[in-house]
């Protein structure tokens, strides 16, 4: 083991040397008149001070870029606590595909890659190949005369050499000695060993043999520094075509034949065209700060999905989707205490075929409604939970809804029916008092009426902007439950968008319900899009983190410095991707689709921009234009 310590004296000794007296003398000679001795001495002191400042600047730069200490081990180099080890390639297969190096280039790890090309004169190679061809032909001729079986290896080698001779003679190929080195970094030996093994398996999957340096760790590290020094000198003879297949000018591509366009790949300018329903699940999460373009991005996806015949349901907390709904003829429902739109939380989904039995549907409804009641009541004890369970079952039974009933023709109960049943149980006085405001009190108009919504429209937007903050989590829970019942009643290709999902993450029951919905929606041909700007609160919930895990598509736009570390850890981002999310402009971010991810720029056409814009200035201009057009029509 060798230890080297870089100190200031050694760094200063490498700074450029100046002959200060000679410099002053040259300046004096350059002047037309001789300078007085005092002024000459003053200028000499000034030059010396400037040189000292320059030396100090050079030293500071070296201190910034050089590690404070360096330890060379047999397998790795320790650079001030950061370990680095190098792999070198020794053998390639006979055939190698273009882009074989891409998985290593795009690996989510800190790597340094060096390639060295040493040209070899064609005359030298042609002479050697001619000798090799002669030897092979002689051996094959000898085998034929002896009656020995044919040797496929020699015959293949002869064909390859002859083709290479033709290409070299015609100038279509060049010949090189090619060296490829990869240095990988880690914080400890175990992590370094894991990453080396990962690289080794990636090389091996391409039938490329790579080995790790042994007692050449320093030479390997130096060979991958951007100074153009090859201290390992481990070559492989290769012509131009296979050399070109190793070039690192490649990036991830997310262009498919089906789906919609999400944006432009900022790496290579290609289109990001993707079908979310082609993944293992169609769920998506969108994280961004306020004003980063998350609603704009989702509205663009909704608009383009509608053109492909996909049904879309949106929970809108701020009326951001009203202009989109009006533009495409969607159904916009304003859910509030005084609204004419009503949803009954006791509704049941219609059975689909023989898969859903009435007993299972009733049991699922009871569990879901209990979750909503717990949000209304606050803390519920185990005894109270049991009472609620029995009261809900009796409420349905009162309307002849039992495991033996036909659920196609039923009249679901209301909150009034449930409260009358609950009053008959002992120890429910406090719960009844809390629930009365939802039946006969201030909030009666929202939860105690039959459902009167038409679900036949392709786009349905449920707005909760006019609801009080206290009611929003309960109302969103009720809306999601209604949508879930609609989805279970008819199998269709659908997308459910939940904007500002952190409202639901504040309560365990609603968070658990959304998590269960995300896990089960795949078999009902549904994709759930969860949008939030409060990333910290969303990911702090165990259900929020699980929703991210169960979402095959993820879109990250500009993030705040307060949440970027949690985002980086959750999505395993590199430092470069982290800074991209911190400094990106509106509509710029990272698009994840399964194991692939690319930097994305969201792009909309002028017509689409007018439909999906959230800019108040643009919306005001559009509204004024609409009024002027209506006035002109009235005048005519």
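Values as computed for the structure displayed
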item: Relative contact order computed over region 350-496 (Cα-Cα under 8 Å; 6+ residues apart), in percent; result: 27 percent
item: Residue 280 paired with residue 389, simple spin-label distance in nm, labels 7 Å along Cα-to-beta-carbon; result: 3.3 nm
item: Residue-averaged [θ]222 nm for the chain, counting only DSSP H segments that reach four residues, each worth -39500 (n - 2.57); result: -14500 deg cm²/dmol
item: For 255, 613, 224, order by how many other beta-carbon atoms lie within 10 Å, fewest first; result: 255, 613, 224
item: Extended-chain gain in nm, criterion 0.36 nm per residue less alpha-carbon gap, residue 328 and residue 492; result: 57.1 nm
item: Calculated P(r) of the chain - Cα pairs past 40 Å, %; result: 54 percent
item: Nitroxide proxy distance, nm - points 7 Å out along Cα→Cβ at residue 582 and residue 466; result: 4.4 nm
item: Relative exposure of 159, 617, 494, judged by other C-beta atoms within 10 Å (fewest first); result: 617, 159, 494
item: Relative contact order (%) - criterion: Cα under 8 Å, at least six apart; region: the chain; result: 16 percent
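Only the coordinates and a few stated rules stand behind these numbers; no lab work does. All values reported here derive from a predicted model rather than from experimental measurement. Neighbour counts are summed over all protein chains in view; Cβ atoms, including those assigned to glycine, are modelled from backbone coordinates with ideal geometry.
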